[in-house]
1. In segment 315-355, which residue that is in contact (Cβ under 8 Å) with a residue 60 or more places away in the chain and small (Gly, Ala, Ser) is farthest from LEU290 (Cα to Cα)?
2. (1) away from the ligand (no atom under 16 Å from the Cβ); (2) surrounded by 13 or more Cβ atoms within 10 Å (Cβ to Cβ): which one isn't true of HIS742, the others all being true?
3. Please tell me if ASP735 is charged (D, E, K, R) and assigned to a helix (DSSP H, G or I).
4. Where residues in segment 619-650 are over 27 Å from ARG472 (Cβ atoms) and not in a strand (DSSP E or B), which of them is farthest from the ligand (Cβ to nearest atom)?
5. With the checklist (1) more than 16 Å from the ligand (Cβ to nearest atom); (2) not in a helix (DSSP H, G or I) in hand, flag the one item GLU656 doesn't pass.
6. State whether one or more residues within segment 299-310 are in contact with a helix residue (DSSP H, G or I) (Cβ under 9 Å, 6 or more places away or on another chain), at pLDDT 95 or above and not in a helix (DSSP H, G or I).
7. Please verify whether segment 417-440 includes one or more residues that are more than 25 Å from the chain's Cα centre (by Cα), free of Cβ contacts under 8 Å to residues at least 12 places away in the same chain and away from the ligand (no atom under 16 Å from the Cβ).
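The values are calculated or read from the model by the stated rules, or taken from the named source; none is laboratory data. Everything numeric here is computed off the predicted structure, so don't read it as measured data. Reconstructed Cβ throughout: ideal geometry from the backbone, glycine too, with neighbour counts over all protein chains shown.
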Amino acid sequence: MTYVTSPHSGDTPGDFGRDLLSNLYYQRGTTLESASAQDTYHSLALTVRNRLVDRYIRTAAAHYRANPRFIYYLSAEYMLGKQLDQNLLYSGTEDSAHRALEGLGLSSSDLDALDVEPGLGNGGLGRLAACLLDAMASQDIPAVGYGIRYDFGIFKQAFQDGGQVERPDDWTFYGNPWEFHASDDQQTVGFYGHVEPLDGVRKSWVPGEVVLGEPSHMLVPGYGTSTVNIIRLWRARAARESFDLSRFGAGQYGEAVEEIVRSENISKVLYPDDSTELGRELRLKQQHFLVTCALRDIVRRFRLRNSDWDDFAGKVVIQLNDTHPVMAIAELMRMLVDEEGLEWDRAWSITRRVFAYTCHTLLPEALETWPVALVQRLLPRHMEIIFLINHLFLQEVAARYPGDDAKLRELSIIQEGGEQRVRMAHLAVVGSSAVNGVAELHSRLLAATTLRGFAELWPGRFHNVTNGVSPRRFVRLANPRLSGLISERLGGQAWLTDLDRLVELEPAADDSAFRERWREIKRLNREDLARHALAATGVAIDPDALCDVMIKRFHEYKRQLLRVLHVVAQYHRIRRDQVVDVVPRTIVFGGKAAPGYYAAKRIMRLANTVADLVNEDPVVSPYLKMVFLPDYNVSRAQLIIPAADLSEQISLAGKEASGTSNMKLALNGALTIGTLDGANVEIRDRVGADNFFLFGLDTTEVAAVRERGYDPRAYYDRDAELREVLDTVAHYDKDIVDDLLHRDEYLTLADYRAYVDCQDQVARAWRDREGWTRTSILNTARSGFFSSDRTVRDYCRDIWHVTPLRIDG
Ligand code: CJB
């Protein structure tokens, strides 16, 4: 391969505009005068995309030449966010594009509105995957992300009578201009069927059903570097002969396409489920589909420059993003033993070295398990392989803990007692060289509780890699005003790839002129948010009010309910004219709930009801407004986060693995009110205890409360204000209050008083505007650690053992 030079280096607005018109002409077959909005948008996207292609080609060529060790990131979810803003920035063409558009009489914001966010994920886990891909490319790490190209991404959320309604997200309805299709790189994926003996441990699996995986890829450009990696997404297709012409001829139109529909259903929809296991065959099919396509592609790529299996583990790292892709461990064993004829032990040694597993939860119910009977039927050979892996593993355990049957039961990959199930997290730990949690506390608790037996067996295998977020996406793109101010103060944009440099802002916290500008930017950002809120909800919010934000999936453990209880308490205080500790606030909510998660949807409905109560009350609403912005996604996050003054991170200690909105908000100068949970702990350590509103039980205290026998009713009896709040809530939803008084799984009432008092401290702090701004600046200055660049560096050092490969140019 040869190097090509960029045809776009030294781009001017004239060049950009000419290319845009040329794309309009040749790709869309039209002209500026007669182009539709979609014509113009697609041509703009292609013009921007073209500016990344030559970097991609140079990256691929350099990777081919160097034959480096690659990171293959396997994830069932990616929340990439809009591509247009990102690719304009990363291609360095923001300026020339905007000027070119202006010259052509086109509106950038109208065109940006047509850029559809690929919502191929549910929440934090999917967005983390996107931040890591961004950081890998930005640090020249040879990497490919593998995922599923769902026809329907995460549902669109609307509210009807305060309740969530889900609408399909047909994100490619008008086509996806960012995608390259490679229909001749298809892979074949089998399901069902039977197993035939070959020799020894080697068997032959004869699938009963076969579908095709068709790849397409999107570019993952690095920022401030030449590297452009890719994310490869697989779509299920039926084999060519699947259309039944004779049935169609006989008028059986439905039957004629039955096989096509069945096959294509595999990549039809992202399961809108965040953490609870969904006993659905189709979901397991999706997982197997993803890992088979990915592994075949990884092997194909390996073989371009290598031939010896002994080199595989040196060239390949497969990072498993949670348990969804863990079937890859069994599939790689099957490929190596059955198809390649490797001895079991050699195959196992390769497999174990190749995989690494990231766990994103502590909730036992969120650790996936699959019924053995289902796996046996759907993937008969994989089930045999898992049994054998388990058998050999349990021999190891028995040798270490002789006679300890309880230990065998605890660690076994197969859960016994009742229906036998495959514990995917156990398979992941047994089949990986490294296991990591996503924040210090989480990693510590994983090793001490959820995966304790394994951590005792293999302590060296357990790591912590604290999550991080992309400063490009969540500061530069989300908050251009603040980014401009930071760059001005720090004398350039180097901080965008070296976020620790934010610490140089610290002295600015004592500069009153700087504080004034900081405040002014927050205000402008709140004005932007207010405009959006008015359009989306009809509620007018005051851009001068404290903007108090809780944005995340709806989950009981995250305790959106606690947030709502405080709002009701404030409502009563204001009605009674007890406004000593009240400052004007806007409570902003954003987040979706899994459609089948009844309890979370109830809380959501209550939040909307309380919002109406507050907003419509003439006495209360001058002090307190509450908006629940529908359809929270990456684009919405980019709008809300820059406007936020207060970040609500109020999960019950020990439940949130890390959280990442906490990092995004702190980086944008929001102060956190939070428990000692997930990455809050590390945020507080870094920004300083004085600059963080801490409240609530810590994990030890939670355990002690439970140990004593938790009695939520006692808190109700003891606290008159809480009584008033719950009595009000009961008026709207009695079941929520019944549950709180009798069960309260997430200790909402136990933390209630501490939370409300801490919110009073927040109000007092807000009154001191200079002090608040100072703290806000310090939050930003001291949050550089939470860059996903640092996260990737940690992975590289501790888990991947891979070094950057710089691409010339
Ligand atoms: N997480 O988003 C999900 N989905 C899951 O199924 C399990 C966990 C979240 O992952 C984030 C990234 O690691 C964490 O920050 C967050 O705490 C966790 O809930």
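1. Once the filter is applied, the top-ranked residue is GLY341.
2. If we test HIS742 against (1) away from the ligand (no atom under 16 Å from the Cβ); (2) surrounded by 13 or more Cβ atoms within 10 Å (Cβ to Cβ), just (2) comes out false.
3. Working: charged (D, E, K, R): yes; assigned to a helix (DSSP H, G or I): yes.
In short, yes.
4. Looking only at segment 619-650, we keep the residues that are over 27 Å from ARG472 (Cβ atoms), and these are 619-628, 650.
Right, trim to not in a strand (DSSP E or B) and you get 619-623, 650.
Details: VAL619: 38, VAL620: 33, SER621: 33, PRO622: 36, TYR623: 32, ILE650: 13 Å.
The extreme case among them is VAL619.
5. Of (1) more than 16 Å from the ligand (Cβ to nearest atom); (2) not in a helix (DSSP H, G or I), only one is false for GLU656: (1).
6. yes
7. Checked against the condition, which is being more than 25 Å from the chain's Cα centre (by Cα), free of Cβ contacts under 8 Å to residues at least 12 places away in the same chain and away from the ligand (no atom under 16 Å from the Cβ), segment 417-440 yields at least one hit.
Here is a yes/no grid of residues against (1) modelled with pLDDT under 95; (2) surrounded by 16 or more Cβ atoms within 10 Å (Cβ to Cβ); (3) within 22 Å of CYS131 (Cα to Cα); (4) among the β-branched types (Val, Ile, Thr):
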{"position": "ALA37", "(1), (2), (3), (4)": "no, no, no, no"}
{"position": "ARG49", "(1), (2), (3), (4)": "no, yes, yes, no"}
{"position": "ARG58", "(1), (2), (3), (4)": "no, yes, no, no"}
{"position": "GLY103", "(1), (2), (3), (4)": "no, no, no, no"}
